[in-house]
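Computed from the coordinates by the stated procedures, all read-outs in this text should not be read as laboratory data. These figures come from a predicted structure and were not determined experimentally. Ideal geometry is used to build each Cβ from the backbone, glycine not excepted, and the neighbour counts take in all protein chains shown.
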Amino acid sequence: MIDNASLTELIRSQLPDARVEIVDRTGTMDHFNVTVRSGGFAGKTLIEQHQIVYSALKPALKDGRVHAVELKTLLPDGPSTSSGVLRQAQDDT
């Protein structure tokens, strides 16, 4: 389990300007819908945007605090640029 503030802090470690919206999908605090708005996505491909966020979340995914993330990335004032689902089993590296 991880709280929204800690999840946001992890994301901002890679994207300091990020505006992060988090919805706990199941009430168990380990399955989340996450929307991240950041200027750091400018000029990045969909895959690169997701890699940045997932890299920030890696510690929480690896230790099991986060089990699944549905991610949407956006530019600060622009339309949605991506969405995708990551499911990570605790024994994956």
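Could you list the square roots of 5 times each eigenvalue of the Cα gyration tensor of region 4-87, that is, the equivalent ellipsoid semi-axes, sorted largest first and rounded to whole Å? Each step should come with its number before you reach the end.
On the way: eigenvalues 77, 31, 28 Å².
Taking √(5λ) for each Cα gyration eigenvalue gives 20, 12, 12 Å.
Which loop-located trypsin sites (Lys or Arg not before Pro) does region 1-81 contain, where loop means any DSSP state but H, G, I, E or B and the Cβ has at most 15 other Cβ atoms within 10 Å? Present the calculation step by step, with values, prior to reporting the outcome.
Numbers: sites: Arg12, Arg19, Arg25, Arg37, Lys44, Lys62, Arg65, Lys72; in loops: Arg25, Lys44, Arg65.
Answer in residue order: Arg25.
So in region 4-87, what percent of DSSP beta bridges are antiparallel if you round to the nearest 5?
Details: 13 of 20 bridges.
Here the antiparallel bridges make up roughly 65 percent for region 4-87.
Extension gain Thr45-Asp17, at 0.36 nm per residue separation less the Cα-Cα distance, in nm? Show your work: numbers first, answer last.
Values: separation 28, 0.36 × 28 = 10.08 nm, distance 1.85 nm.
Length difference between fully extended and current span is 8.2 nm.
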